[in-house]
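S.K.: Provided herewith is a single structure, encoded as structure tokens, for subsequent inquiry.
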Amino acid sequence: MDLHLHTPASSDYQEPSVSYLDILRKAEQRGLDIIGFADHNTASGYRRMEDEIEQLRMLRNLKRILPEEEERLKEYERLRAKILVLPGFEFTATFGFHVLGLFDPKRPLREIEHILLDLNVPSNQLEAGSVTVGASADVLTAYQAIHEAGGIVIAAHANSTNGVAMRGFNFGGQTKIAYTQDPHLHALEVTDLDKRGRHSTAAFFSGIKPEYPRRMHIVQGSDAHRMDNDPKRHNNLGIGGRITEVLLPAPTFEALKALFESNDFARTRPAQSKKQAEGAHFDFVRSAREQGSNIVQEFHESMSGRNNLNSIIADVCAFANTNGGTLFVGLSAEAKPIAGVRNASQAIRQLEQEIAKRISPPLACAVDSLQSEGKSVLRVIVPRGDDPPYAVDDNQIYLRTEAETGLAVRDEIVRLVTGIAPRVEEAPAKPAKEGRRGGRRGGQPAANGRGSKPQPAGAAQPAAEAPKAELPARAEHAPRTGVEVVTEEQRNGVAYYIVRDLRNNMVVNNVTEKSARKLWHYAITVYAGLPKAEADLKVEWRGDFGLLKHYVQRQQDRYDFVQRVDGGLRYYFGVTEEGVHGDWRQFVIEDPQENEEPAS
């Protein structure tokens with residue numbers, strides 16, 4: 001499919017003498033099954049084609065049609081039966097961002113034009129096809145209007161010029177997040193769908209970035225303003241110059257919209273060459289494996305045995321409580337031969353039964369099988385649950401922390417239930433009193449009251465007795481993933497810590513080495529072993545930013561950092577590359593073409 005075609009109805013179309021029949025013939029030549037007419041701020045391109053066909057049919061009914069007109073009508077009817085043409089437009093929102101709206105062909109064009117009027121396109125410009133229309137509506141208003149009218153909403157060329165994620169635009173990060181994560185938005189159109197690896201736009205919006213937790217459907221389109229690719233300008237594409245292949249039960253608007261509204265991200269891919277199509281099929285499992293385990297993806301080599309099955313169910317629960325995700329069963333994340341699942345249909349039934357029986361409240365997961373290297377691999381698509389917390393066997397509540405699953409503690413369960421983090425009084429970071437710690441030691445009051453009875457990790461503190469905790473606020477420019485060890489407190493010979501999840505700024509109290517899950521355990525163990533004096537630390541300093549350690553865990557680069565803040569030190573552990581930004585990137589060896597934001 002190519003959902004982003006312009007026609008002579010766009011004022012900047014480069015070949016105005018081209019007919020609509022020519023466009024359909026070229027689409028057939030390019031092997032397209034679905035195309036979208038997306039002229040600038042108008043649906044008149046689709047209307048002109050429909051008017052021409054209707055006029056020819058009228059002449060036929062009146063028996064006044066000429067032979068060449070009869071031939072033209074037959075060609076229209078043949079191509080329209082073969083190719084689904086979606087009516088729509090490319091709307092220019094405020095600040096010049098472009099939004100595609102595509103609709104069911106059965107929808108009256110008058111209603112589509114009414115949407116444009118509601119988006120402040122002047123009535124006298126509805127037929128102009130101009131890129132600029134004056135003071136139009138904003139991006140989020142456009143998303144909502146198109147979606148509520150039953151259309152498919154796509155952010156046009158999102159990673160490029162006039163795209164909602166474009167680099168270098170002087171906008172705050174929250175605006176970019178809103179423009180690419182809005183619930184009314186179905187998909188992002190990009191220019192690098194065929195790019196592999198963690199630094200593609202698709203990988204950026206795969207749900208691993210803490211600021212962009214919603215995984216997005218990604219497509220590509222030609223944005224064609226001409227019939228064929230321009231031999232002099234490689235980015236000036238013709239019809240089908242950038243194609244998306246999509247796996248649908250039928251080439252219909254309903255099927256396409258249903259896919260975009262689903263959590264199935266394995267049914268779109270960049271177009272395959274003829275050689276590729278004749279050879280091995282696009283291996284989605286292998287593509288996912290290259291990304292490795294992360295906050296929205298996990299691999300299990302086997303589901304046989306109670307321990308393996310328990311781990312799978314725990315991951316399903318964790319994904320539902322965190323950000324949704326995908327599980328693959330039958331292979332590990334490591335680059336070794338795929339074991340596969342012997343009887344896929346039986347394994348699917350077993351897994352569906354286990355999820356239904358052991359996870360409450362009910363959770364609608366999709367379980368199917370995919371082929372990779374000649375083996376069957378189970379795929380479990382887990383939505384982000386809308387009724388958290390989800391529990392295994394009634395009382396075990398799991399969360400996903402980066403590439404690990406662990407039992408939730410009290411403070412995290414409170415957040416799941418209420419949607420609000422437990423209240424913590426934060427204060428600006430203060431100088432460390434004993435040289436190395438950014439939090440309290442010795443005579444400073446503990447978060448739960450110095451000398452109070454030790455409580456388990458995440459336990460609530462009695463409101464009447466607890467002094468206000470003077471925890472340092474999240475440091476400016478702190479990494480966005482991993483964990484910060486905020487404070488350490490000795491009580492009855494046991495070290496209690498307060499840790500902060502850097503992904504969501506969640507603060508958890510009373511963590512001990514015994515109660516801590518994997519990443520927290522690692523963090524407090526390393527933290528406890530650090531020398532007290534800054535001069536004794538082995539740190540690679542670059543200004544106020546320091547690298548304690550770089551290591552690889554589960555095929556993923558991780559970093560332990562330290563930062564000078566207001567005369568004290570702040571420590572961050574297990575930071576993944578998705579959380580490395582700003583001044584921290586100087587510690588990362590990057591590909592020359594790598595960018596923190598999607599490439600244009």
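S.K.: Quick one: in the range 69-107, which of the residues that are of a type in the set (Val, Ile, Thr) and either farther than 24 Å from residue 158 by Cα or in a helix (DSSP H, G or I) (or both) is modelled with the lowest pLDDT?
M.R.: 94
S.K.: Hey, which of the strands (runs of 3 or more DSSP E) in the range 246-329, taking only ones fully inside, have at least 1 residues that are modelled with pLDDT of 95 or more and either out of contact with any helix residue (DSSP H, G or I) (no Cβ under 6 Å at 6 or more places or on another chain) or of a type in the set (Lys, Arg) (or both)?
M.R.: 297-300, 325-329
S.K.: Could you check, for the range 413-422, whether at least one of its residues is assigned to a helix (DSSP H, G or I) and of a type outside the set (A, V, I, L, M)?
M.R.: Looking through the range 413-422, at least one residue is assigned to a helix (DSSP H, G or I) and of a type outside the set (A, V, I, L, M).
S.K.: Something else: Among the residues of the range 551-569, how many are over 16 Å from residue 519 (Cβ atoms) and either of a type in the set (D, E, K, R) or not in a loop (DSSP other than H, G, I, E, B) (or both)?
M.R.: 7
S.K.: From (1) more than 30 Å from residue 419 (Cβ to Cβ); (2) touching a residue at least 24 places away in the same chain (Cβ under 8 Å), pick out the condition that doesn't hold for residue 549.
M.R.: Of the numbered conditions (1) more than 30 Å from residue 419 (Cβ to Cβ); (2) touching a residue at least 24 places away in the same chain (Cβ under 8 Å), the odd one out for residue 549 is (2).
S.K.: Hey, among 443, 451, 458, which residue is at pLDDT below 60, under 28 Å from residue 544 (Cα atoms) and assigned to a loop (DSSP other than H, G, I, E, B)?
M.R.: Answer to the check: 443.
S.K.: Let me ask something else. Are there any pairs, at least 6 apart or on different chains, whose C-beta atoms fall under 6 Å, with the first in the range 174-188 and farther than 18 Å from residue 208 by Cα and not assigned by TED's automatic domain parsing to the domain that holds residue 384 and the second polar (S, T, N, Q) and at pLDDT 95 or above, and if so, which?
M.R.: 184/144
S.K.: Among the candidates 93, 156, 142, which residue alone is under 21 Å from the mean Cα position of the chain (by Cα) and either closer than 21 Å to residue 224 by Cα or among the charged types (D, E, K, R) (or both)?
M.R.: After ruling out the rest, the residue left standing is 156.
S.K.: Is it the case, given these coordinates, that residue 8 is without any contact (Cβ under 8 Å) to a residue 24 or more places away in the chain, surrounded by fewer than 24 Cβ atoms within 10 Å (Cβ to Cβ) and either among the aliphatic types (A, V, I, L, M) or outside any helix (DSSP H, G or I) (or both)?
M.R.: For residue 8, the condition - without any contact (Cβ under 8 Å) to a residue 24 or more places away in the chain, surrounded by fewer than 24 Cβ atoms within 10 Å (Cβ to Cβ) and either among the aliphatic types (A, V, I, L, M) or outside any helix (DSSP H, G or I) (or both) - is not met.
S.K.: Right, next: I need every pair where a residue in the range 507-522 that is more than 13 Å from residue 488 (Cβ to Cβ) has its Cβ under 8 Å from the Cβ of a residue that is polar (S, T, N, Q), sequence separation at least 6 or different chains.
M.R.: 517/401; 518/401; 519/401
S.K.: Now for a different question. Are any of the residues in the range 128-144 farther than 23 Å from residue 193 by Cβ and free of Cβ contacts under 8 Å to residues at least 12 places away in the same chain?
M.R.: So far as the range 128-144 goes, no, none of its residues is farther than 23 Å from residue 193 by Cβ and free of Cβ contacts under 8 Å to residues at least 12 places away in the same chain.
S.K.: Now for a separate question. Tell me which residues, restricted to the range 489-516, are in a strand (DSSP E or B) and under 21 Å from residue 575 (Cα atoms).
M.R.: Once the filter is applied, which keeps residues that are in a strand (DSSP E or B) and under 21 Å from residue 575 (Cα atoms), the range 489-516 yields 497, 498, 499, 500, 501, 506, 507, 508, 509, 511.
S.K.: Restricting to the range 346-373, what's the tally of residues that are without any contact (Cβ under 8 Å) to a residue 12 or more places away in the chain and out of contact with any Pro (no Cβ under 9 Å at 6 or more places or on another chain)?
M.R.: Residues that pass the stated criteria total 5.
S.K.: Out of the residues in the range 540-568 that are among the hydrophobic types (A, V, I, L, M, F, W, C) and modelled with pLDDT under 95, which is surrounded by the fewest Cβ atoms within 10 Å (Cβ to Cβ)? So that I can check it myself, show each step before the final result.
M.R.: From the range 540-568, those among the hydrophobic types (A, V, I, L, M, F, W, C) are 541, 545, 547-548, 552, 561-562, 565; that's our starting set.
So of that shortlist, the ones also modelled with pLDDT under 95 come out as 552, 565.
Working: 552: 8, 565: 21.
If we take residues in the range 540-568 being among the hydrophobic types (A, V, I, L, M, F, W, C) and modelled with pLDDT under 95, then 552 is surrounded by the fewest Cβ atoms within 10 Å (Cβ to Cβ).
S.K.: I would also like to ask the following. Only one of these is under 19 Å from residue 221 (Cα atoms) and not acidic (Asp, Glu): 20, 76. Name it.
M.R.: Criteria check complete, one pass: 20.
S.K.: Could you please give the count of residues in the range 108-125 that are outside any helix (DSSP H, G or I) and either within 24 Å of the chain's Cα centre (by Cα) or surrounded by fewer than 14 Cβ atoms within 10 Å (Cβ to Cβ) (or both)?
M.R.: Within the range 108-125, residues that are outside any helix (DSSP H, G or I) and either within 24 Å of the chain's Cα centre (by Cα) or surrounded by fewer than 14 Cβ atoms within 10 Å (Cβ to Cβ) (or both) number 1.
S.K.: Same structure, new question: What do you reckon, is residue 36 part of a helix (DSSP H, G or I) and crowded, with 23+ Cβ neighbours inside 10 Å?
M.R.: Against the criterion (part of a helix (DSSP H, G or I) and crowded, with 23+ Cβ neighbours inside 10 Å), residue 36 does not qualify.
The values are calculated or read from the model by the stated rules, or taken from the named source; none is laboratory data. Predicted, not measured: the structure shown is a model, and the values here were computed from it. Note that we place each Cβ from the backbone using ideal geometry, even for glycine, and neighbour counts take in every protein chain shown.
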